[in-house]
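Engineer: Got a structure for you, written out below as structure tokens; questions coming shortly.
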Amino acid sequence: MKHGVFPFDEFLKEYDVWVFHPMDQGGRLVQLQLIGSEMDMDMVAVLRRPDFFSPWGDPIQYDRLETTELEKSVWLNRWYGLPSFARLYSITGDRSYLDDLLKLFRGWCAGNPVPHDLSEYFRSRRYTWKDMQVAWRAQNLIWCYFLGRNGFSSAEQQELLHSIAVHMRMLNAYFGEQPLSAGNHQSHGALAMLHATVLFPELANASIWRDKALKILDHHLEEAFFADGNSVELCPGYYPFIAANFRDAYLLCDANDISVSPRWRERLTQFHHFMNQVQQPDGTMPPINDSSETPAGPSLRILAKVLGIPADREPGRSVCFSDSQQAVMRDKAGAHSTYVFLDAGAAWPHHWHGGKLGFHFWHDGRPYLVDSGVCNYDDPLRVAWYLKSEAHNTVLVDDLGDADAAQRFSTGPTDVGSCLCGWMSTPEYDLATMSNAAFRVLPAPVSWIRQILFLKKRQMVVVVDRLDGATEHEYRWLFHFAPTTLRTSANPEQVLTGFDDGNLLLAPFCAEKFARMDVRQGHVNQQSRNLPAPVANFVARGARLEAAFLVMPVSGREFPALRLQQTTEVDGVSLTIGLRGEVIRLIIPNSASEVRIETNTLNEVMSEALGV
């Protein structure tokens, strides 16, 4: 059979398979649990263990496993491991890699015949022969075919080609007939269709199915992303996977003389810019919504090579993604920058978490205030903890989070009305204004506006929340810390992390506003591991309440000598920070006007007070 040009060989000489094309987040979370790595050598070593598959039976009963551990079932069904064998053969020439690949492939095929009635199967709650399982198997098998093409016999090549043709028919039956959407499953299905039809142009109906695939991908280029480049799913961890789908489709078309519109390069350039701007100081994507900390560096370098742009661009300074309601604040580029990520992103039908208006805080290469992230989707903690507002740096009203209020009192159960409605960035500070309408649907409505001020030279963050209700409510502030111990001071009520070197202080400007403060235990997920982590809770009662907090890096292990004051002005809130002989006065406006910052020495303040 005639072959198209496989354009990935040069990249796969340098990059492991799942570094070059990152997995979807559901697959990655299971991968890290089962394999502990995304490297090909590690994948092959684990899959070669004689006891690896034994927990699921011999043969594996996928229909039964789908009812108890769906994500693990689909991970096994997607053949993620096969291209790792094929790549190692392509590098070493060791035929044993292909032998083991074929053994796994044949064993699966023998136990999973194609369903007879596809329409009935697609309506069922079975997953082996539909959706992303078929797309990943098709893509992975095609990569195996080309990476092992110098080692497979003619009969083995025909065996693989037969399976590729079967998967192509299933892809067209499932994805080719779907209404166009904006979800990543459909765009990845189209990528798999493009692989098969471009690289095996003599397959039946190849040109028709190729055109369908390009139609789907063209649609997603416009509808699956905001104008600012962010994905509509608002999951940064998914972004390298989604960007790789379009990058690889572009490479397939370019290598095989298939013309695409200039919009493709525009979007790929935008994808590079977004990942570069959003990546955390350690080079990973922030774990917002259903996201893990996916590395961004390899995706950025590969995209830069494809686009012919410099590969060593440092992240810029602060940036607001106004269409998607997220923002990044930075004082400088590099691993030791202070980094603040803000999330006011609106709801999406899948992968969305409650607890909007949350933020992360990194300093000098370490995360201090974090989002809890997400666990393996099979884990009961995903629903019991990670999806809930309580797992995020947010505010609860009468023990309800924004998602709780929306689900209980609104006809739009995931519409919390969050937005990033104001942004100002200067060389001295960034100021973001966010609002959340979820609590306006309560029987006794509450409006909530949050402002976050980042003082760049001092690497401090000030959080101001304005809660306005007609009757009294209980308001609870949640601050989630990375795994560590927390120390508290009773007077005034402050929180300090317990690391051996650098630490973070969290302090309310007016401790008298709060009825109590306590530290509870929550969870954070780091690289698919659930870890205990402390959550600082500040609780107050009232109808209308304005509360401000200082978030400040501390070089040592002791609470600093600090004086904080808060007063309400006609045009905003006035805050005073007294620290190390310096007094900083801030006026944070209610409107879109500039922040007023005054700095004096303590002697100057005393002289002014005495009228000297």
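Engineer: In nm, to one decimal, how far is the T92 label point from the D323 one, both placed 7 Å along Cα→Cβ?
Structural biologist: My value for the distance between the label points is 4.6 nm.
Engineer: Here's another thing I want to ask about it. What's the ranking of 575-585, 315-325, 349-359 by average number of surrounding C-beta atoms within 10 Å, highest first?
Structural biologist: Put in order of decreasing packing, that is 349-359, 315-325, 575-585.
Engineer: While we're here: Count the net charge of all other residues whose Cβ sits under 11 Å from the Cβ of Q133, scoring Lys and Arg as +1 and Asp and Glu as -1.
Structural biologist: That works out to +2.
Engineer: Which pairs break 19 Å Cα to Cα here: K332/K457; K356/K388; K457/K513; K215/K305; K2/K215? Could the numbers behind the result be given before it?
Structural biologist: Values: K332/K457 10 Å; K356/K388 10 Å; K457/K513 29 Å; K215/K305 26 Å; K2/K215 24 Å.
Table pairs above 19 Å Cα-Cα are K457/K513; K215/K305; K2/K215.
Engineer: Run through every distinct alpha carbon pair of segment 248-339 and return the Kirkwood hydrodynamic radius in angstroms, one decimal place.
Structural biologist: With all distinct Cα pairs of segment 248-339 included, I get 14.5 Å.
Engineer: Could you work out the helix-only [θ] at 222 nm for the chain, with each DSSP H run of four or more residues adding -39,500 (n - 2.57) and the total divided by the number of residues, to the nearest 500 deg cm²/dmol?
Structural biologist: When only DSSP H runs of four or more count, the value is -10500 deg cm²/dmol.
Engineer: With +1 on the Cβ of every Lys and Arg and -1 on the Cβ of every Asp and Glu, and nothing else charged, how large is the dipole of segment 422-466 about its Cα centre, in debye rounded to the nearest 20?
Structural biologist: Roughly 60 debye for segment 422-466.
Engineer: Accessible area of the chain with a 1.4 Å probe: how many percent of it is carbon plus sulfur?
Structural biologist: For the chain, the apolar C and S fraction of the accessible surface comes to 50 percent.
Engineer: For the modelled label position 7 Å from the Cα of T599 along Cα-to-Cβ, which residues of segment 562-591 have backbone nitrogen atoms closer than 11 Å?
Structural biologist: Those under the cut-off are 582-585.
Engineer: Could you tell me the center-to-center distance, by alpha carbons, between segment 301-340 and segment 195-243 in angstrom?
Structural biologist: 24 Å
Engineer: Stretch R149-D117 to full length: gain in nm at 0.36 nm per residue minus the Cα-Cα span?
Structural biologist: Extra length available between R149 and D117 comes to 8.1 nm.
Engineer: For a quick protection proxy, order the peptides 219-228, 73-82 by their average other-Cβ count within 10 Å, most packed first.
Structural biologist: In descending order of packing, they fall as 73-82, 219-228.
Engineer: Pop out the ³J(HN,Hα) list for segment 586-600 in order, Karplus 6.51 cos²θ - 1.76 cosθ + 1.60 with θ = phi - 60°, rounded to Hz; leave Gly and Pro as x.
Structural biologist: Result, rounded to whole Hz: 10, 10, 9, x, 6, 9, 8, 6, 6, 6, 9, 10, 10, 10, 9.
Engineer: In whole Hz, with x marking every Gly and Pro, tabulate ³J(HN,Hα) for segment 12-23 from phi via Karplus 6.51 cos²θ - 1.76 cosθ + 1.60, θ = phi - 60°.
Structural biologist: Here the 3J(HN,Hα) series is 6, 6, 9, 10, 4, 3, 8, 8, 5, 10, x, 6 Hz.
Engineer: In debye, nearest 20: dipole of the chain around its Cα centre with unit charges on the Cβ of K, R (+) and D, E (-)?
Structural biologist: Rounded to the nearest 20 debye, it is 360 debye.
Engineer: Could you sort C109, C144 by their accessible area in this structure, using a 1.4 Å probe and putting the largest first?
Structural biologist: Greatest to least solvent exposure: C109, C144.
Engineer: Accessible area per residue, 1.4 Å probe, Å², for segment 64-150: what's the number?
Structural biologist: It amounts to 41 Å² per residue over segment 64-150.
Engineer: OK, next. What list of ³J(HN,Hα) couplings, whole Hz, do you get for segment 560-572 from phi and the Karplus terms 6.51, -1.76, 1.60, once you set θ to phi - 60° and write x for glycine and proline?
Structural biologist: Those phi angles translate into x, 6, 9, 10, 10, 9, 9, 9, 9, 9, 4, 9, x Hz.
Engineer: Also: Kindly rank 254-262, 152-160, 434-442, 497-505 from highest to lowest mean number of other beta carbons found within 10 Å of each residue. List each step's numbers first, then the result.
Structural biologist: Numbers: 254-262: 12.0, 152-160: 13.7, 434-442: 22.0, 497-505: 16.3.
Per-residue mean Cβ counts within 10 Å order the peptides as 434-442, 497-505, 152-160, 254-262.
Engineer: First select every other residue whose beta carbon is under 15 angstrom from the beta carbon of L586; then total the charges, Lys and Arg +1, Asp and Glu -1.
Structural biologist: Here the count lands on -2.
Engineer: What is the projected area of the convex hull of the Cα atoms of the chain, averaged over all directions, in nm²?
Structural biologist: Computing the convex hull of the Cα atoms and averaging its projections yields 29.3 nm².
Engineer: Checking the cross-link filter: which aspartates and glutamates have an alpha carbon closer than 12 Å to that of K103, excluding same-chain neighbours under 8 positions apart?
Structural biologist: By straight Cα distance, K103 reaches E156.
The values are calculated or read from the model by the stated rules, or taken from the named source; none is laboratory data. Since the model is a prediction, treat every value here as computed from it, not as a measurement. FYI the Cβ positions are ideal-geometry reconstructions off the backbone, even for glycines, and counts take in every protein chain you see. Quick note on the areas: whole protein, heavy atoms, side chains included, nothing else; ligands and nucleic acids left out. Shrake-Rupley method; radii C 1.70, N 1.55, O 1.52, S 1.80 Å.
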